[in-house]
Amino acid sequence: MPIATVNESNHEFLHEVMAATPGGETLLTCLQCGTCGGSCPSGPDMDHSPRKVFAMIGAGMREEVLRSNTPWYCVSCYYCMVRCPKEIPITDIMYTLKQMAVKAKLYDDSDAPDWSESFIGYVENYGRSYELGLASRYHLTHRPLQKFSLGPFALGMMMKNRLSFRPERIEGIDQLRTILKKAKELEAAQ
Amino acid sequence: MKYGYYPGCSIGHSALAYDISTKAILEPLGLELAEVKDWNCCGATEYFSINKTAAYALVARNLALAAGEEGVEQLVAPCSACFLNLKKTDHYMGKYQKIGKLTNEALAAGGLNYKPGSLRIRHLIEVVVDDVGYEAIAQKVTHPLKGLRVAPYYGCLVVRPQFDGNGFDNPEYPMHMDKLMEVLGADVVDFPLKAHCCGGHMTQISSDTAFELIRRLLHCADQSRADVIVTLCPMCQLNLDAYQSQVNRHFKTNYNIPVLYFTQMIGLALGLKPEELGVGKEIASAAEALKKIGTESEQVSAPTKPRRRDDKSLPMPSMRGE
């Protein structure tokens, strides 16, 4: 049964997800076969399998979908995407759901959105990512108690000269910031 | 052939050995890579989670800079995530008019423009096996990696997804690195999880999820009695190598499998010295494994266990019976 017939009365969410995803209209053809969930390395830790999430989208269950950890546990391995018999861009749909959850401030208590935002913070300020700064900022604000287990990791990496002590800034940082500012305006106008 | 080169943020830092060994084998392989001037981060798997238009624009700045350099028609990335983001942005900008339009509008604010399709995006290993070629490499091998049991680990993003069915190897069971390792004289072991996920950024978000994925890969390599896991991605190397001791602690296992880059293996087979290839930068030492091919390497040992506390330390909460 195509997912869109599940609940004809509420297709707003479904259409929003499809419109925000390149190739998203294929979601209508989902067969509910479950190949995606069966291929997913983090499937067992997800609140709902991708297959179930698609059925929930078809049923208009916006809040339940955007509150679930499912998109945040997607590791972007693209197994589901190459296996999907209907060629639905599942990984891209997960990115869409993440973005919608952040916008609606509906994400669950997963640390994932903050990790993404901390990462982006460095990219927007320096143009490059910065592993040591990122890890310290994120972990000190989110899970300081785990610092004890991370100690040997960071120490080992430093002894091998694999963690640098200061971020690099690109020369064209102003140009990059202008581009990103414009991109965000365009995104907001969508 | 002049290739544009997009090293990515991990190169030179957490993937220092990849950087050193790539630079070391370029000349012997007859490759010339011209680094894209003032490139920026590709956004990894994070930017697309927050703002897609900004994510495409971030990647596209690199495409525009590379395409603007004289004589550059191909852009090479050694990191699988960078490779995918560059390739995906180029492909989506061409396939989906709206993405192409919005991205170029954003780029225009910075005085840039990118015409999708003007660059061919390639991973470093693709250039090595397809352009240099197995035969040419075989002829240059002076120190075959005979007797070294190697598990070729591809991870995800160099083989998946395939845009419009165009991939340079099988998305589920790739073979190009297997063939390359055979050409170098190594014993390639059966490694059925070769294209499975290393956990990516889950080490930061939900370490239990990541540790289980890493454990499966280490277990699989161990079952095949691999001396070394060979990889082509900084993220895969980091997760399997630098988190190996934490995975051991988590599961009470005892894996000690070195994880090297394919570029280091090429260098060794071409007779370069381990220190010229960044061997020793790995946390799980490769020194013991490399003795099998008669290669001695110096090793700075990294702490694998937390420092023991003595009585003079500040009191810390502890579990009963500890």
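The values are calculated or read from the model by the stated rules, or taken from the named source; none is laboratory data. Since the structure is predicted, the reported quantities are computational estimates derived from the model, not experimental observations. With ideal geometry, Cβ positions are generated from the backbone for all residues, glycine too; neighbour counts draw on all protein chains shown. When the accessible area is computed, the model is the full protein with side chains, heavy atoms only, and any ligands, DNA or RNA have been set aside. Shrake-Rupley method; radii C 1.70, N 1.55, O 1.52, S 1.80 Å.
Evaluate the range B:26-40: report whether one residue or more is within 30 Å of A:Leu66 (Cα to Cα), of a type outside the set (Gly, Ala, Ser) and either modelled with pLDDT of 95 or more or more than 15 Å from the chain's Cα centre (by Cα) (or both).
Checked the range B:26-40: no residue is within 30 Å of A:Leu66 (Cα to Cα), of a type outside the set (Gly, Ala, Ser) and either modelled with pLDDT of 95 or more or more than 15 Å from the chain's Cα centre (by Cα) (or both).
Could you tell me which residue of the range B:7-28 is most open to solvent (accessible area, probe 1.4 Å), considering only residues that are more than 12 Å from every other protein chain (Cβ to nearest Cβ) and not β-branched (Val, Ile, Thr)? Break it down into steps so the answer makes sense when it comes.
Initially, the range B:7-28 is screened for residues more than 12 Å from every other protein chain (Cβ to nearest Cβ), giving B:21-28.
Still in the running and not β-branched (Val, Ile, Thr): B:21, B:23-24, B:26-28.
Values: B:Ser21: 0, B:Lys23: 132, B:Ala24: 28, B:Leu26: 31, B:Glu27: 160, B:Pro28: 50 Å².
Filtering the range B:7-28 for residues that are more than 12 Å from every other protein chain (Cβ to nearest Cβ) and not β-branched (Val, Ile, Thr), the one most open to solvent (accessible area, probe 1.4 Å) comes out as B:Glu27.
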Across the range B:263-299, which residue is most open to solvent (accessible area, probe 1.4 Å) among those that are β-branched (Val, Ile, Thr) and assigned to a helix (DSSP H, G or I)?
B:Ile293
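Filter the range B:245-257 for residues that are among the polar types (S, T, N, Q), touching a residue at least 12 places away in the same chain (Cβ under 8 Å) and outside any loop (DSSP other than H, G, I, E, B); which is nearest to B:Phe211 (Cα to Cα)? Talk me through it step by step, then tell me what you get.
Going through the range B:245-257, the residues among the polar types (S, T, N, Q) turn out to be B:245-246, B:248, B:253-254, B:256.
Checking which are touching a residue at least 12 places away in the same chain (Cβ under 8 Å) leaves us with B:245-246, B:253, B:256.
Imposing the further condition that a residue be outside any loop (DSSP other than H, G, I, E, B) reduces the set to B:245-246.
Values: B:Ser245: 10, B:Gln246: 8 Å.
Here the answer is B:Gln246.
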Away from every other protein chain (no Cβ under 13 Å), surrounded by fewer than 20 Cβ atoms within 10 Å (Cβ to Cβ) and farther than 28 Å from B:Val159 by Cα - does that describe any residue in the range A:66-87?
yes
Looking only at the range B:47-74, how many residues end up being open to solvent by less than 20 Å² (accessible area, probe 1.4 Å), facing chain A (nearest Cβ under 7 Å) and among the aliphatic types (A, V, I, L, M)?
3
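For the range B:29-41, what are the residues that are acidic (Asp, Glu) and within 14 Å of another protein chain (Cβ to nearest Cβ)?
Within the range B:29-41, the subset acidic (Asp, Glu) is B:32, B:35, B:38.
Residues satisfying the conditions are B:Glu35, B:Asp38.
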Can you tell me which residues in the range B:92-135 are open to solvent by less than 30 Å² (accessible area, probe 1.4 Å) and under 15 Å from B:Leu26 (Cα atoms)?
B:His123, B:Leu124, B:Ile125, B:Glu126, B:Val127, B:Val128, B:Val129, B:Val132, B:Gly133
May I ask you to list the residues in the range A:1-25 that are at pLDDT below 65, not in a loop (DSSP other than H, G, I, E, B) and not β-branched (Val, Ile, Thr)?
A:Ala4
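On the basis of being at pLDDT 95 or above, outside any loop (DSSP other than H, G, I, E, B) and open to solvent by less than 70 Å² (accessible area, probe 1.4 Å), does B:Leu260 make the cut? Don't jump to the end; show me each part of the working.
Numbers: at pLDDT 95 or above: yes; outside any loop (DSSP other than H, G, I, E, B): yes; open to solvent by less than 70 Å² (accessible area, probe 1.4 Å): yes.
Considered against the rule, which asks whether it is at pLDDT 95 or above, outside any loop (DSSP other than H, G, I, E, B) and open to solvent by less than 70 Å² (accessible area, probe 1.4 Å), B:Leu260 comes out as yes.
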Which residues, counting only those in the range A:149-190, are under 13 Å from B:Ile283 (Cα atoms) and either aromatic (Phe, Trp, Tyr) or surrounded by fewer than 18 Cβ atoms within 10 Å (Cβ to Cβ) (or both)?
A:Phe153, A:Leu155, A:Met158, A:Met159, A:Asn161
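In this structure, is A:Ser49 hydroxyl-bearing (Ser, Thr, Tyr), within 14 Å of chain B (Cβ to nearest Cβ) and under 20 Å from the mean Cα position of the chain (by Cα)?
Values: hydroxyl-bearing (Ser, Thr, Tyr): yes; within 14 Å of chain B (Cβ to nearest Cβ): no; under 20 Å from the mean Cα position of the chain (by Cα): yes.
Answer is no for this residue.
Yes or no, residue by residue, for (1) more than 7 Å from every other protein chain (Cβ to nearest Cβ); (2) at pLDDT 95 or above; (3) closer than 21 Å to B:Arg61 by Cα:
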| residue | (1), (2), (3) |
| --- | --- |
| A:Gln99 | no, no, no |
| A:Leu106 | yes, no, no |
| A:Asp109 | yes, no, no |
| A:Ala135 | yes, no, no |
| A:Thr141 | yes, no, no |
| A:Leu155 | no, no, no |
| A:Met158 | yes, no, no |
| A:Lys184 | no, yes, yes |
Within the range B:184-228, which residues are in contact with a helix residue (DSSP H, G or I) (Cβ under 6 Å, 6 or more places away or on another chain) and of a type in the set (Lys, Arg)?
B:Arg215
Out of curiosity, is B:Ala44 open to solvent by less than 10 Å² (accessible area, probe 1.4 Å), within 12 Å of another protein chain (Cβ to nearest Cβ) and touching a residue at least 12 places away in the same chain (Cβ under 8 Å)?
no
If the requirement is being facing chain A (nearest Cβ under 9 Å) and open to solvent by 40 Å² or more (accessible area, probe 1.4 Å), which of these qualifies: B:Arg249, B:Arg225, B:Arg215?
B:Arg249
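Rundown of residues vs (1) out of contact with any Cys (no Cβ under 7 Å at 6 or more places or on another chain); (2) farther than 14 Å from B:Phe83 by Cβ; (3) of a type in the set (Ser, Thr, Tyr); (4) within 14 Å of another protein chain (Cβ to nearest Cβ), yes/no style:
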position	(1), (2), (3), (4)
B:Ile125	yes, no, no, no
B:Ala138	yes, yes, no, no
B:Gly147	yes, yes, no, no
B:Ala151	yes, yes, no, no
B:Tyr154	yes, no, yes, yes
B:Val159	yes, no, no, yes
B:Asp164	yes, yes, no, yes
B:Tyr173	yes, yes, yes, yes
B:Leu184	yes, yes, no, no
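Determine which member of the set B:Ile99, B:Ile125, B:Ile121 is under 30 Å from B:Leu268 (Cβ atoms) and not in a strand (DSSP E or B).
When all the criteria are applied, what remains is B:Ile125.
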Hey, B:His196 hits all of (1) more than 22 Å from B:Glu282 (Cα to Cα); (2) in a loop (DSSP other than H, G, I, E, B); (3) within 13 Å of chain A (Cβ to nearest Cβ) but one; which does it fall short on?
(1)
Restricting the first residue to the range B:96-107 and requiring it to be more than 8 Å from chain A (Cβ to nearest Cβ), which pairs with a second residue that is of a type outside the set (A, V, I, L, M) and outside any helix (DSSP H, G or I) meet a Cβ separation below 7 Å and a spacing of at least six or different chains?
B:Gly100/B:Pro116; B:Asn104/B:Asn113; B:Asn104/B:Tyr114
B:Leu180: within 18 Å of the chain's Cα centre (by Cα), open to solvent by less than 10 Å² (accessible area, probe 1.4 Å) and over 30 Å from B:Arg249 (Cβ atoms), yes or no?
yes
